1. Which condition breaks for A28 when tested against (1) open to solvent by 30 Å² or more (accessible area, probe 1.4 Å); (2) small (G, A, S); (3) under 15 Å from the mean Cα position of the chain (by Cα)?
2. If I filter region 31-52 down to residues being within 20 Å of F112 (Cβ to Cβ) and outside any strand (DSSP E or B), which single residue comes out as least open to solvent (accessible area, probe 1.4 Å)?
3. Given the criterion more than 26 Å from A15 (Cβ to Cβ), at pLDDT 95 or above and β-branched (V, I, T), identify the matching residue among T35, T59.
4. Between D73, D122, D114, D45, which is in contact with a Leu (Cβ under 9 Å, 6 or more places away or on another chain) and either charged (D, E, K, R) or at negative phi (or both)?
5. For residues that are open to solvent by less than 30 Å² (accessible area, probe 1.4 Å) and in a loop (DSSP other than H, G, I, E, B), scanning just region 53-75, find the one that is nearest to A30 (Cα to Cα).
6. Within region 106-115, take every residue that is without any contact (Cβ under 8 Å) to a residue 24 or more places away in the chain and open to solvent by 60 Å² or more (accessible area, probe 1.4 Å) and give me the one that is nearest to D23 (Cα to Cα).
Amino acid sequence: MSTSPRPGNLDPAIAARLKRSADGLVPAIAQQYDTGEVLMLGWMDDEALHRTLTTGRCTYWSRSRQEYWVKGDTSGHFQHVKSVALDCDADTLLVRVDQVGAACHTGARTCFDDDVLLRAAD
């Protein structure tokens with residue numbers, strides 16, 4: 001039996017603005033705050049966003065494990081939140097973080113380094 005993400009303690013004014021997927025999630029792009037480097041994409045429900053906003057550490061909903069996870073709790077590769085923004089359509093979050101160590105579960109700095117489909121010509 002799987003657990004679904006659940007409504008949480010998120011400020012109702014913020015919760016009312018979010019446009020979630022059918023499974024109640026919003027994509028959250030993690031970006032290095034000082035360089036602009038895109039690090040990873042995770043998923044948040046209302047409770048994960050509430051925890052992220054109130055603790056200053058990124059909390060995501062794991063679709064594969066069906067549980068919350070705080071980035072860095074097991075790996076030591078923490079994401080310290082600098083800011084959180086909602087895009088113009090209210091369906092994507094941009095979380096600007098100070099990344100400690102690798103962001104990708106493979107051990108790479110970013111999840112977007114290894115499989116470049118198009119690179120700008122010099």
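The values are calculated or read from the model by the stated rules, or taken from the named source; none is laboratory data. Computed from a predicted structure; not experimentally measured. All Cβ positions, even for glycine, are placed from backbone atoms using ideal geometry, and neighbour counts span all protein chains on display. Keep in mind that these areas ignore ligands, DNA and RNA; they rest on the heavy atoms of the full protein, side chains included. Shrake-Rupley method; radii C 1.70, N 1.55, O 1.52, S 1.80 Å.
1. Every listed condition holds for A28 apart from (1).
2. Step by step, filter region 31-52, then rank; the result is G36.
3. T35 is the lone residue from the list that is more than 26 Å from A15 (Cβ to Cβ), at pLDDT 95 or above and β-branched (V, I, T).
4. D45
5. C58
6. Filtering region 106-115 for residues without any contact (Cβ under 8 Å) to a residue 24 or more places away in the chain gives 106-108, 113-115.
Add one more test, that the residue is open to solvent by 60 Å² or more (accessible area, probe 1.4 Å), and what stays is 106, 113-115.
Numbers: T106: 26, D113: 29, D114: 29, D115: 28 Å.
Per the criteria, the residue is T106.
Listed here are the residues, each with its yes/no results for (1) touching a residue at least 60 places away in the same chain (Cβ under 8 Å); (2) more than 13 Å from L49 (Cα to Cα).
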| site | (1), (2) |
| --- | --- |
| D89 | yes, yes |
| L93 | yes, no |
| A102 | no, yes |
| A120 | no, yes |
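Quick grid of which residues meet (1) touching a His at 6+ places or on another chain (Cβ under 9 Å); (2) over 19 Å from C111 (Cβ atoms):
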site: N9; (1), (2): yes, yes
site: K19; (1), (2): no, yes
site: V26; (1), (2): no, no
site: Q32; (1), (2): no, no
site: L39; (1), (2): no, no
site: G42; (1), (2): no, no
site: A48; (1), (2): no, no
site: G56; (1), (2): yes, yes
site: S64; (1), (2): no, no
